[in-house]
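The structure under discussion appears below in the form of structure tokens.
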Amino acid sequence: MIKLEQITKQFRLSNRSLTAVDAVDLEIREGEIFGIIGYSGAGKSTLIRMLNGLEKPTGGRVTVNGMEMSSISGADLRKARQKVSMIFQHFNLLWSRTVAENIAFPLEIAGVKKADREPRVRELIRLVGLEGREDAYPSELSGGQKQRVGIARALANEPDVLLCDEATSALDPETTDSILDLLTDINKRLNLTIVLITHEMHVIRKICHRVAVMEAGRVVEMGDVLQVFRSPQQPITKRFVSQVTETHDIKQAIGQLVRENPDGTLIRLGFVGERTGEPVLARLIRTFDIDVNILQANVSQTHGGTFGSIILNLAGDEAAVAKAVEFLHSEGVETEVIERD
Amino acid sequence: MIEQLFPNVDWEKMWEATLETLYMTAVATLFTFLIGLVLGILLFLTGPKGIYQNRISNLITAAFVNIFRSIPFIILIILLIPLTKFLLGSIRGPNAALPALIIGSAPFYGRMVQIALAEIDKGVIEAARSMGATTWTIIRKVLLPESMPALISGITVTAIALVGYTAMAGIIGAGGLGNLAYLDGFQRSRTDVTIVATILILIIVFAIQWIGDILVKRTDKR
């Protein structure tokens, strides 16, 4: 569906050149929600703009749905853009137009006749749940409603791909979730390929099928979201994963637990997918003659399944504890001994 | 009562002069608006970070704008006498003032248009580009409507300045309230004529401001 081959983008600044995107290879499948996560300045914003030709790569090739976006220009590019639409962090609605007129804008650009625009706009307004607000101006809408207009506008010309440029970063957590639900719904209903960039792991966890992690213009890690959550490889990925699994509160609590439990071995267990339901802990307690104390547990939902982590304190005979840890390993549970320092 | 206060005022002449001032202001404002829009859009599109970055045409436009904006109006009128003669065959009457009025104020308004366009959120232009809009569509459906309140308040200020310019244009015999106040009022020491002409000019200025404010309010949905 979307293929990036050795994509590089350099910007010439007054005294030096800056490589914003550095030899990125990516393949995005039809119908998937693909997330690109990175801190600001990682190059993700430049990368996503090369998918609709708003930026031209200085090297490499971008193909979207058979169209080579990196080489076409003029009328061909404008035509192609109607099928690769985009929503934005700051919504970018025309304040001089009402909700309905904003949604009609891409239809006007595509040359759709007025009589055909009206029913289409009504349909889109219903799709994003904005009935009754057709004649409101953007200044009268909340952030979440504005993004809904943005989404309706982006869907107007029945695109194959929807690009989301930090689409929820300006919204509060609750509104973020409702917009993410809407995107998931659209993805399923229209089989629309969605590419989104974000700096929030929460967004990746909630709706993405696969994720690429960007740092300094490169994709440093990529895979199924569940896989990346279960065993992040790169330090930056671990930091992003811990945004969701270990909030600041939990980190403090663990420090507290380590101090309060001076004896025994602290281990962290990671459960993924169907394993979360299995009674591994019960078997552990029954099989080994040790004291098992559950200090902390949490579970998170991703698009591909659930994953969770439990922090245990195992106290007792050292050999027995070692065997217990081995048992957990053999059961396929991610096990990590938390070092005391 | 009025006769006593303003014994020297010839009301018929005064009315005629008022119409001349209104005519000069209206026509000059219309052309200033159109030419200023073209100049401002050109400056915006060819400027740094514009959609059609082009140093040379930007420099030429900017030079034209700056030169004509810098020449004092009274000197511009004199400089343009040959052009006016060529265009209209005469340098007398309200029409004779138009070339100088338009050339004097269009570059000024062009700068205002450029500033108004620069205020538009870049994201909105990017959004239109991402939908596959042509530059012409962006000008018509994004740049102009999104900057409309600023464009209107700019033309209001310019129109008021033009009222002042029409008074100056009186010296080349363009007619209007300025001309009347100068010839009939000042040179013949009839202060009452000057006062009435001034009051009428003030009324015109206030009316323009009032209309401008209403239009700005109506177009601004932010």
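Yes/no per residue for (1) more than 30 Å from B:THR191 (Cβ to Cβ); (2) surrounded by fewer than 20 Cβ atoms within 10 Å (Cβ to Cβ):
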{"residue": "B:ALA28", "(1), (2)": "no, no"}
{"residue": "B:LEU37", "(1), (2)": "yes, no"}
{"residue": "B:LEU43", "(1), (2)": "yes, no"}
{"residue": "B:ASN54", "(1), (2)": "yes, yes"}
{"residue": "B:LYS85", "(1), (2)": "yes, yes"}
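Taking only segment A:1-55 into account, find how many residues are in contact with a Cys (Cβ under 8 Å, 6 or more places away or on another chain) and either of a type in the set (Phe, Trp, Tyr) or not assigned by TED's automatic domain parsing to the domain that holds A:ASP165 (or both). Residues flagged as in contact with a Cys (Cβ under 8 Å, 6 or more places away or on another chain) and either of a type in the set (Phe, Trp, Tyr) or not assigned by TED's automatic domain parsing to the domain that holds A:ASP165 (or both) within segment A:1-55 amount to 1. For segment A:12-28, the tally of residues that are outside any strand (DSSP E or B) and modelled with pLDDT of 95 or more stands at 0. Here are the criteria: (1) of a type in the set (Asp, Glu); (2) within 28 Å of A:GLU32 (Cα to Cα); (3) within 9 Å of another protein chain (Cβ to nearest Cβ). Tell me which single one A:GLU140 does not satisfy. In the conditions (1) of a type in the set (Asp, Glu); (2) within 28 Å of A:GLU32 (Cα to Cα); (3) within 9 Å of another protein chain (Cβ to nearest Cβ), A:GLU140 misses (2) alone. Criterion applied to B:THR158, B:THR198 was being part of a helix (DSSP H, G or I), under 15 Å from B:ALA17 (Cα atoms) and polar (S, T, N, Q), and the one residue passing it is B:THR198.
Condition check ((1) among the basic types (Lys, Arg); (2) within 14 Å of another protein chain (Cβ to nearest Cβ); (3) at negative phi) across all residues:
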site	(1), (2), (3)
B:ILE71	no, no, yes
B:ILE91	no, no, yes
B:ALA97	no, no, yes
B:ILE102	no, no, yes
B:ILE120	no, yes, yes
B:GLY132	no, yes, no
B:ILE139	no, yes, yes
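Apart from one condition, A:ILE125 fits all of (1) without any contact (Cβ under 8 Å) to a residue 40 or more places away in the chain; (2) within 14 Å of chain B (Cβ to nearest Cβ); (3) hydrophobic (A, V, I, L, M, F, W, C); the exception is (2).
Yes/no matrix, rows are residues, columns are (1) within 14 Å of chain B (Cβ to nearest Cβ); (2) surrounded by 19 or more Cβ atoms within 10 Å (Cβ to Cβ):
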| site | (1), (2) |
| --- | --- |
| A:ALA20 | no, yes |
| A:ILE36 | no, yes |
| A:PRO57 | no, yes |
| A:LYS83 | yes, no |
| A:MET86 | yes, yes |
| A:ASN92 | yes, yes |
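Take segment B:3-21 and flag every residue that is among the β-branched types (Val, Ile, Thr) and over 11 Å from B:ASP192 (Cα atoms). Residues satisfying the conditions are B:THR18, B:THR21. So for segment B:208-216 (the condition being among the β-branched types (Val, Ile, Thr) and either surrounded by 17 or more Cβ atoms within 10 Å (Cβ to Cβ) or within 14 Å of chain A (Cβ to nearest Cβ) (or both)), does at least one residue qualify? Within segment B:208-216 (the criterion being among the β-branched types (Val, Ile, Thr) and either surrounded by 17 or more Cβ atoms within 10 Å (Cβ to Cβ) or within 14 Å of chain A (Cβ to nearest Cβ) (or both)), the answer is yes, since at least one residue qualifies.
Let me confirm something: among A:LYS79, A:LYS56, which residue is under 29 Å from A:ARG122 (Cα atoms), not in a strand (DSSP E or B) and not acidic (Asp, Glu)? It is A:LYS79. Listed by position, the helices (runs of 4 or more DSSP H) contained in segment A:152-241 that have at least 1 residues being among the polar types (S, T, N, Q) and out of contact with any Lys or Arg (no Cβ under 6 Å at 6 or more places or on another chain) are A:173-190, A:225-230.
The values are calculated or read from the model by the stated rules, or taken from the named source; none is laboratory data. Computed from a prediction, not measured in an experiment: that's the story for all the values here. For neighbour counting, all protein chains shown are included, and Cβ atoms are generated from backbone atoms with ideal geometry for every residue, glycine included.
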